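Below is one structure, written out as structure tokens, with a few remarks after it.
The values are calculated or read from the model by the stated rules, or taken from the named source; none is laboratory data. The structure displayed is predicted, hence computed values, not measured ones. A quick note on method: Cβ atoms are made from the backbone with ideal geometry, for glycine too, and the neighbour counts reach across all protein chains shown. The accessibility values were calculated without ligands, DNA or RNA, using every heavy atom of the protein model including side chains. Shrake-Rupley method; radii C 1.70, N 1.55, O 1.52, S 1.80 Å.
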Amino acid sequence: MTELLASLGRTSLASFERLGRGSLFFCAVVARLGTLLPRLELVLAQVWAVGVRSLVIIVVSGAFVGMVLALQGYNTLVTFGAAESLGVVVAKSLTRELGPVLAALLFAGRAGSALTAEIGLMRATEQLSALEMMAIDPLSRVVAPRFVAGIIALPLLAAIFTAVGIVGGYLCGVGLLGVDDGAFWSQMQSHVALGADIGNGVVVKSIIFGLVVTWIALFEGYDAIPTSEGVAAATTRTVVNSSLAVLGLDFVLTGLMFN
Amino acid sequence: MKITRTVEIGVGLFVCLGIAALVMLSFRVANLNAVSTTHGYKVTAFFENIGSLQARAAVKMGGVLIGRVTGISYDPKRFQAVVEMRIDDAYKTIPADSSASVFTAGLLGEQYIGLDPGGADTYLTNGAEIKLTQSALVLERALQEFLYAKTAKGSESTK
């Protein structure tokens, strides 16, 4: 019995410790953002790595998600004779929820895991210590550019995901299922608000998700146990924790934005 | 990682693509500009009540799409709604005394303009006005009239 309580206490203390270390790490990275200004090319290279190279998966998934939404939405809407509202259904669900959330989940899998593995391996092969030996701060040279790149890349990826998804929904709904072309766009335009749906949904949500996913990925890598098992475990934790964080945060953000 | 030209161009393109997606979302998905069909000829019609007709709604004749509503405004002198529509050039021979009505597609569907052909020898031309119009059926009004007629009848029969 006491053994059980002790292990429970150990686990919760350990998770509090990790959370505290993670928050301190976040503050340390934010404090070093200023040092990036003269070295923006570092950020550029990371935007390439996490953003541009995630484009393919984002575009392909976006198109398929939009098409599936149109197919499913059509089947339900046509029962009520409201197939013309398909545009609204596709656009609202993509801008408010699916665009930012799915882009963030894909980003966590595609770019977040890579960030963790990269930094974890730097830790395991003592590259980070080597940088420190040369009086180069690894937080500002290695971590901060990746952090900024993640926050820049995810909103752009989410916007691309949403736009491609809507085009996919249009192709499927209007091209395949025969929904009226004008009604598709006009209903969409009259029901989707620029600030509330696109601003809050695509822009604000994905900036927050970008920040959280990149933070978790970088922290897990930086904090990884410097062995191959440690890096593997850290990469897994990145994908699991950032997916959970995105989904949980999405619920909170939706409650705040669209109640 | 070495910063090559390819990386710079790639990132530039990526940022442009992202911004283009946002612009597409703001203009095409949210209503920032009034997209109007530019071909065809323009016809206006005045309605007492257009219900929830929207710009870009369909203009149909015999159920066939022949044009689009391009603009909706209110005429404060005539106290009527002005509906501007563009009809495809393929349908040039619509009689000038045709009538326009606001219909609803299905029970909950989108509203559209339905044209019923008249018998005149002259045709609608660019800038013409459709004189005969019928307002949208507003459910509350229809119910009101129905109930009013019903009670009027009821009180008559009790007399």
Point-to-point label distance, B:E145-A:L244, nm (Cα→Cβ direction, 7 Å offset): 6.3 nm
Averaged over B:110-119, number of beta-carbon atoms from partner chains that fall within 10 Å: 2
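Averaged across the residues of B:4-17, what count of C-beta atoms belonging to other chains lies within 10 Å of each residue's C-beta?
Values: counts 2, 0, 2, 7, 4, 2, 7, 12, 3, 2, 12, 6, 1, 9.
Across the residues of B:4-17, the mean count of other-chain Cβ atoms within 10 Å is 5.
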Span from the the stretch A:45-60 Cα centroid across to the the stretch B:97-156 one, whole angstrom: 54 Å
Cleavage-rule hits (trypsin sites (Lys or Arg not before Pro)) in the stretch A:41-147: DSSP loop, at most 15 neighbouring Cβ within 10 angstrom: none
Approximate spin-label separation A:V252-B:V23, in nm, with each point projected 7 Å along Cα-to-Cβ: 3.6 nm
The protein assembly as shown - Rg (one decimal) and Dmax (whole number), Cα, Å: 29.4, 107
Estimated FRET transfer efficiency when R0 is 30 angstrom, pair B:N49-A:L71 (beta carbons, to 0.05): 0.25
DSSP bridge orientation in chain B - percent antiparallel, rounded to nearest 5: 75 percent
Accessible area of chain A divided out per residue, in Å², using a probe of 1.4 angstrom: 44 Å²
Cα→Cβ-extended label distance, 7 Å offset, between A:Q127 and B:A152, nm: 8.7 nm
Under 17 Å from B:K131, Cα to Cα: aspartates and glutamates that are on another chain or at least 8 residues apart: B:E48, B:D75, B:E84, B:D97, B:D116, B:D121
Relative contact order of chain B, defined on C-alpha pairs under 8 angstrom at six or more residues apart (%): 23 percent
FRET efficiency for A:L13 and A:F64, using Cβ-Cβ distance with R0 set to 41 Å, rounded to 0.05: 0.40
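If r is the Cβ-Cβ distance from A:R21 to A:L177 and R0 is 60 Å, what FRET efficiency results, to the nearest 0.05?
Working: r = 52 Å, r/R0 = 0.87.
With R0 = 60 Å, the Cβ-Cβ based efficiency is 0.70.
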